[in-house]
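Participant: One structure follows; several queries about it will come next.
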Amino acid sequence: MTEPLVAPHVLEWGYTRSLGPTLTAFFTGLRDRKIVGAKTKTGRVIVPPTPHDPDTGEDVDSLVDVSDEGVVETWSFVSHPRPKQPLDRPFAWALIKLDGADTAMLHVVDGAIETGSRVKAKWRDETVGYITDIECFVPA
Amino acid sequence: MRDVAVVAYSAWNGVEHERNEVEILMPVVRDVFDKVGLTKNDIGFTCSGTSDYLAGQPFSFVSALDAVGAWPPIVESHVEMDGAWALYEAWVRLQHGDLDTALVYAVGKSTMGDLLDVLALQLDPYVLTPLWPDPVSLAALQARAYLEKTGKTEDDLAAVAESRGRRVDRASGYIASPLRRHDCPPITDGAAAVVLAVGDRARELCERPAWICGIDHRIEQHQLGARDLTRSESAKVAADKAGASGVDVAELHAPFTHQELILRDAIGLNGATINPSGGALKANPLMVAGLERIGEAASRVLDGSAAKVLGHATSGPCLQQNLVCVMESR
């Protein structure tokens, strides 16, 4: 009696994906506790950065650093966070326009805010290049 | 352009504990065929809108085809989008000139998994999904921006809910401020089917075909924080391109109360009856509710109660993508 043939079968993504030059700069920046935006040829700064100007489709002109502090444009308070969401206590979602940016980015805020409130990023002790390197924003 | 009309529509909405997607869809397909006396062998092109993410299984739309039957081989296509976009593809396919009829269907069993987590997966995979923002919270950001910009109040939102048949409770807590339960859609399972036909074939099949006189769809830019959430430029452009003026009845796919107000501002529906079906605040089956808006609007032409109607569908967070289909009697 011969031994049955055995072959390994591993479920996996058989590829890795590059973030491309623009998002690579953004996430490398987060690892270094910096927020990077994309400046379009018309001078508008988009954060998080996109490779192209969303209005014209043209390549953006350059990458620029923006502040990790900014203004709440709109927000929603959630009393019962869902399990996978960033904080396990009541928090606010907010679109935050960082100083130096012309667009707002989504993140969470720990603390009382209203539209127009100033907030500042609270960085994790250990940063790895993910959007969650910012643990949350807090009132500035 | 070839003249294409909706000649039949059928749908089912509810919460289903027993039947799978195919079993929900089968009687709807049967019913829409019965309305015009057709079988699948009479259909030139079949196009569906379903979500593999709901089933948690790639290519789950292939099994949904069992509700139609794919032997002998049929000409078929699928979109991972609301069935309204499947209808758009079918309309384009009928313009090719070689086929005269199409079946469009959509099915979604939204209760099967955790819908709010599933919908976080439709977002940007790098900067949004890792935060797991749910669609209600994102809609709430839009609602607050809209209220603060226009000076409208939560009472204005409640009035929309009330007119769509929702029981309004202003004392209930927020789901995500400023949205309360009556501002949000129910989680609904459902299926819908439409038969399209061209020219004389449409006139043979029913007395008052709902002729598609304009159809267009547009999308907003990628990032929520880079566009004005208080307006719907994409719905406005789609409505203008589709020729939306002067409609008697409009069925708007507005899952949240404030979105109905934004869409009304964008499309400009002076004097039209809006959402006589109750719209997505009454039933919002994922992948289906947009096709239902077109089917419900078309039904007002089919039954002779309206001369010109509009069906609208949306997809993605905060009215990211919008489709407008204008239909008329002739």
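The values are calculated or read from the model by the stated rules, or taken from the named source; none is laboratory data. Computed from a predicted structure; not experimentally measured. Because the Cβ atoms are built from the backbone with ideal geometry, glycine has one as well, and the counts that use them run over all protein chains shown. Just the protein is used for accessible areas: all its heavy atoms, side chains included, with ligands, DNA and RNA removed. Shrake-Rupley method; radii C 1.70, N 1.55, O 1.52, S 1.80 Å.
Participant: Among the residues of segment A:86-100, count how many are open to solvent by 10 Å² or more (accessible area, probe 1.4 Å) and either farther than 23 Å from B:R180 by Cα or touching a Phe, Trp or Tyr at 6+ places or on another chain (Cβ under 6 Å) (or both).
Facilitator: 3
Participant: May I ask you to verify whether B:S234 is closer than 30 Å to B:T111 by Cα and either open to solvent by less than 10 Å² (accessible area, probe 1.4 Å) or among the polar types (S, T, N, Q) (or both)?
Facilitator: yes
Participant: Out of the residues in segment A:107-133 that are more than 24 Å from B:A145 (Cα to Cα) and assigned to a strand (DSSP E or B), state the one that is most open to solvent (accessible area, probe 1.4 Å).
Facilitator: A:K122
Participant: Note down all Cβ pairs under 7 Å where the first residue falls in segment B:209-226 and is free of Cβ contacts under 8 Å to residues at least 12 places away in the same chain, the second is surrounded by 21 or more Cβ atoms within 10 Å (Cβ to Cβ), and they're at least six residues apart or on different chains.
Facilitator: Hits for this filter: B:G225/A:L95; B:G225/A:T103; B:G225/A:A104; B:G225/A:M105; B:G225/A:L106; B:A226/A:I46; B:A226/A:T103.
Participant: Okay, moving on. Scan segment B:268-284 and tell me whether some residue there is crowded, with 24+ Cβ neighbours inside 10 Å, aliphatic (A, V, I, L, M) and under 10 Å from the mean Cα position of the chain (by Cα).
Facilitator: yes
Residues are listed down the side, and each one gets a yes or a no for (1) of a type outside the set (D, E, K, R); (2) more than 13 Å from B:L196 (Cβ to Cβ):
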site: B:Y9; (1), (2): yes, no
site: B:W12; (1), (2): yes, yes
site: B:E21; (1), (2): no, yes
site: B:L25; (1), (2): yes, yes
site: B:V29; (1), (2): yes, yes
site: B:D34; (1), (2): no, yes
site: B:L38; (1), (2): yes, no
site: B:D42; (1), (2): no, no
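Participant: Can I ask one more? For residues in segment B:285-295 being in a loop (DSSP other than H, G, I, E, B) and of a type in the set (A, V, I, L, M, F, W, C), which is most open to solvent (accessible area, probe 1.4 Å)?
Facilitator: Result: B:L286.
Participant: Out of A:L87, A:L63, report the one residue that is in contact with a strand residue (DSSP E or B) (Cβ under 8 Å, 6 or more places away or on another chain), more than 9 Å from chain B (Cβ to nearest Cβ) and assigned to a strand (DSSP E or B).
Facilitator: Checking each option against the conditions leaves just A:L63.
Participant: From the list A:E58, A:E69, A:E3, which one is in contact (Cβ under 8 Å) with a residue 40 or more places away in the chain and open to solvent by 20 Å² or more (accessible area, probe 1.4 Å)?
Facilitator: Testing whether each residue is in contact (Cβ under 8 Å) with a residue 40 or more places away in the chain and open to solvent by 20 Å² or more (accessible area, probe 1.4 Å) leaves just A:E69.
Participant: Return the only residue of B:G173, B:G113 being at the interface with chain A (Cβ under 8 Å from one of its Cβ atoms), of a type outside the set (S, T, Y) and open to solvent by 30 Å² or more (accessible area, probe 1.4 Å).
Facilitator: Going through B:G173, B:G113 in turn, the sole match is B:G173.
Participant: Every residue in segment A:107-131 that is under 16 Å from A:P81 (Cα atoms) and either of a type in the set (V, I, T) or within 13 Å of chain B (Cβ to nearest Cβ) (or both), please.
Facilitator: A:H107, A:V108, A:V109, A:A112
Participant: Take the residues in segment B:131-147 that are among the small types (G, A, S) and closer than 16 Å to B:S232 by Cβ; name whichever of them is nearest to the other protein chains (Cβ to nearest Cβ).
Facilitator: Filtering first and then ranking leaves B:A145.
Residue-by-condition table, conditions (1) touching a strand residue (DSSP E or B) at 6+ places or on another chain (Cβ under 6 Å); (2) away from chain A (no Cβ under 14 Å):
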| residue | (1), (2) |
| --- | --- |
| B:Q223 | no, no |
| B:D228 | no, no |
| B:A242 | yes, yes |
| B:A254 | no, yes |
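Participant: List every residue pair whose Cβ atoms sit under 9 Å apart, with the two residues 6 or more apart in sequence or on different chains, where the first one lies in segment B:148-163 and is within 14 Å of another protein chain (Cβ to nearest Cβ) and the second, anywhere, is exposed (fewer than 15 other Cβ atoms within 10 Å of the Cβ) and basic (K, R).
Facilitator: Taking only residues 6 or more apart or on different chains, the pairs are B:E154/B:R170.
Participant: Moving on. Is it true that some residue in segment A:2-14 is within 14 Å of chain B (Cβ to nearest Cβ), over 21 Å from B:Q142 (Cα atoms) and part of a loop (DSSP other than H, G, I, E, B)?
Facilitator: Looking through segment A:2-14, at least one residue is within 14 Å of chain B (Cβ to nearest Cβ), over 21 Å from B:Q142 (Cα atoms) and part of a loop (DSSP other than H, G, I, E, B).
Participant: Same structure again: Could you please let me know if B:A298 is over 27 Å from B:A158 (Cβ atoms), crowded, with 24+ Cβ neighbours inside 10 Å and either of a type in the set (A, V, I, L, M, F, W, C) or modelled with pLDDT of 95 or more (or both)?
Facilitator: So B:A298 fits the description; yes.
Participant: For residues in segment B:301-330 being among the hydroxyl-bearing types (S, T, Y) and open to solvent by 20 Å² or more (accessible area, probe 1.4 Å), which is nearest to B:V4 (Cα to Cα)?
Facilitator: B:S329
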